Amino acid sequence: MNTLREDLHELAAHAPDVDLADLAIRGARRKRVVRLSLAAAVVVAGIAGGSALRFQEVRPVPPVVLSPPETKALPLPDKGVAPVEQAYRPSCRGGCQEAGWRIVTRSGETFQVPARSGPVEASADGRRIAYYSEKDRRIVVRDLASGWIWKAPLKQPKQDFAVEYALRMSPNGLRFIVSGWGGGREPNMLVDVEQGTVEQLESGWWPVSVADGDGPVVLAKPYDNTTKVWVRGHKPVTIPTFTYDFSALGPDGRRLVRVGQVLGHETPKVQYDGTIVTFDALTGGAEARVPVSGIPGDLQPAWLGGWLNADEVTLVAVAQSPRSDISAVAYGVNVRTGQARKLFPIRAKGAYAVPGLVR
């Protein structure tokens, strides 16, 4: 399934004078070019490309990173499970039934999640997961160590997740935003499973990040040449680029990171310059741009996520070509220096989730 950002990037290339966010939210349903194809075209043109963080460092002889072999998944135990490293849904070809989601723990075990469809996400520390329970018709949050389960007070039909959706968890997993586009309902809800509350968010705003408790909620709304970023409780700020690609809000409650890019008149309209940009989400100023290093030339950054510490955010880099045998890889990137360090390879080329990832 293509994401909302794919819709918008494709629309950006063909209709620069239109409010792209508004069009995409109304649900453009035609077949579109996938994100990786766009990224490959950008790289062929000699420009680093990506979403939520796409940088480029070209090296003459890049190392080969092969996809790990498929591992048999065990049923998810009731408790005593180590934190999540990643979640993924195995590819299904040749008429087979769609495989359900799996999680890989930091201890190397692979378990089957009791969810065949809908979103599966993990909190930034990997200790809790959220997934759609078809039986309960709602999203549930599960603590992997204790086995404790919280059920969202919001019931949702399965059809809410047959379209484009986003599930954004807070660091402790007990607060999340669930959004959907292209269906009949298009929910955009802030849910607190600990307090048992549901709040309707403003229509048309895409979730970037949500904090624990009553902490800040960050939303974004791209237009054709600018993007509004809104930390609720403050006035929205405008940044001079079209993007859905941000990190979570920083530990200081002010900093966001986005991919460095320029808007051109050729296709693709969005062109990436191999940098990351840190800026003040409350004022829109204090921008600091740095080039990214430490990522092999056969991979290109694709998404950002939660903060690993005061200076590093999560980054997932993917193969430049969808036909490549190279796996996606998760990194931590220093927002001050641009230096990336490898964390772990991604097991699947299809649907996957990394704790705290914004996509």
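The values are calculated or read from the model by the stated rules, or taken from the named source; none is laboratory data. Quick caveat: nothing in here was measured; it's all calculated off a predicted structure. Cβ atoms come from the backbone with ideal geometry, glycine included; neighbour counts cover every protein chain shown. The area values use the complete protein model at the heavy-atom level, side chains included, leaving out ligands, DNA and RNA. Shrake-Rupley method; radii C 1.70, N 1.55, O 1.52, S 1.80 Å.
Within the stretch 199-211, can one find any residue that is modelled with pLDDT of 90 or more, of a type in the set (Asp, Glu) and touching a strand residue (DSSP E or B) at 6+ places or on another chain (Cβ under 6 Å)? Yes - at least one qualifying residue is present in the stretch 199-211. Out of Ala319, Ala286, one residue alone is under 17 Å from the mean Cα position of the chain (by Cα) and either at pLDDT below 95 or not assigned by TED's automatic domain parsing to the domain that holds Lys221 (or both). It is Ala319.
The residues listed here are Val178, Val218, Val191; of these, the one that is in the same structural domain as Ala353 (by TED's automatic domain parsing), β-branched (Val, Ile, Thr), open to solvent by less than 10 Å² (accessible area, probe 1.4 Å) and assigned to a strand (DSSP E or B) is Val218. For the stretch 140-163, the set of residues classified as closer than 17 Å to Arg89 by Cβ and surrounded by 14 or more Cβ atoms within 10 Å (Cβ to Cβ) consists of Phe161, Ala162, Val163, listed by residue number. Output yes when any residue across the stretch 151-162 is touching a residue at least 40 places away in the same chain (Cβ under 8 Å) and in a loop (DSSP other than H, G, I, E, B), and no when none is. Yes, there is a match, as at least one residue in the stretch 151-162 is touching a residue at least 40 places away in the same chain (Cβ under 8 Å) and in a loop (DSSP other than H, G, I, E, B). Within the span defined as the stretch 265-276, one or more residues are assigned by TED's automatic domain parsing to the domain that holds Thr314, touching a helix residue (DSSP H, G or I) at 6+ places or on another chain (Cβ under 7 Å) and surrounded by fewer than 16 Cβ atoms within 10 Å (Cβ to Cβ). Number of residues in the stretch 307-320 that are within 22 Å of Ala211 (Cβ to Cβ) and surrounded by fewer than 23 Cβ atoms within 10 Å (Cβ to Cβ): the value is 5.
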